[in-house]
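Comments concern the structure below.
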Amino acid sequence: MPVFENIDQARAYFEGDRFALENGITLDEIAPGRAVCSLTITERHRNAEGGVMGGAIFTLIDLAFAAAANDIHLPTVAQQVSMNFLNGSRGHVLTARATCRKDGRSSCVFNVDVSDDLGRDIAQATVTGFKLLAKEIPRN
């Protein structure tokens, strides 16, 4: 059973992720065991070579993982991340899709794939999450 009753409740919870939100990352979809987040690339997301900064891509991955994992068990935090940068983006929007691969008693594993709006694979990550003691979120 999902933790969040709908996407608006999930978005309200993740308003606390100030760094991700203030850098333009949005939570677009959430469903049991998966989430989709996106980032419209601006000049502030670029590195000295003109590409998208790796930290911006990592933050996108981190929020997609957090949304998907915390919809299964709240709170869940990232314990280990293995990430590969695959290609530079030529598009204007990055989308991260997180999918649960294993939901265990105290840990979980998610794959997160990032692509751009041109269909190019940008990055791939495997995230191991650790489930902390459960807490309730306020219901509106």
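The values are calculated or read from the model by the stated rules, or taken from the named source; none is laboratory data. These numbers come from a predicted model, not from an experiment. Glycine gets a Cβ as well: all are built from the backbone with ideal geometry, and neighbour counts include every protein chain shown. Surface areas here come from the heavy atoms of the whole protein model, side chains and all, with no ligands, DNA or RNA. Shrake-Rupley method; radii C 1.70, N 1.55, O 1.52, S 1.80 Å.
See the values below:
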quantity: Residue list for the range 13-22, filter: open to solvent by 40 Å² or more (accessible area, probe 1.4 Å) and either in a loop (DSSP other than H, G, I, E, B) or in contact (Cβ under 8 Å) with a residue 12 or more places away in the chain (or both); calculated: Y13, D17, F19
quantity: Single match in L39, L74 (criterion: under 25 Å from L133 (Cα atoms) and surrounded by 15 or more Cβ atoms within 10 Å (Cβ to Cβ)); calculated: L74
quantity: Residue within the range 94-113 that is under 22 Å from A31 (Cβ atoms), more than 15 Å from the chain's Cα centre (by Cα) and open to solvent by less than 60 Å² (accessible area, probe 1.4 Å) present; calculated: yes
quantity: Of the criteria (1) touching a Gly at 6+ places or on another chain (Cβ under 8 Å); (2) closer than 21 Å to I7 by Cα; (3) open to solvent by 50 Å² or more (accessible area, probe 1.4 Å), which one A134 fails; calculated: (1)
quantity: Out of A67, A48, A56, sole residue that is in contact with a His (Cβ under 6 Å, 6 or more places away or on another chain) and not in a strand (DSSP E or B); calculated: A56
quantity: Selection count, the range 42-71, where residues are open to solvent by 20 Å² or more (accessible area, probe 1.4 Å), more than 17 Å from D116 (Cβ to Cβ) and under 9 Å from the mean Cα position of the chain (by Cα); calculated: 1
quantity: Enumeration of residues in the range 118-131 that are surrounded by fewer than 15 Cβ atoms within 10 Å (Cβ to Cβ) and of a type in the set (G, A, S); calculated: G119
quantity: Residue that is nearest to G104 (Cα to Cα) [pool: residues in the range 23-36 that are at pLDDT 95 or above and either open to solvent by 50 Å² or more (accessible area, probe 1.4 Å) or acidic (D, E) (or both)]; calculated: R34
quantity: Candidates M1, M83 - the one that is touching a residue at least 40 places away in the same chain (Cβ under 8 Å), outside any helix (DSSP H, G or I) and within 25 Å of R101 (Cβ to Cβ); calculated: M83
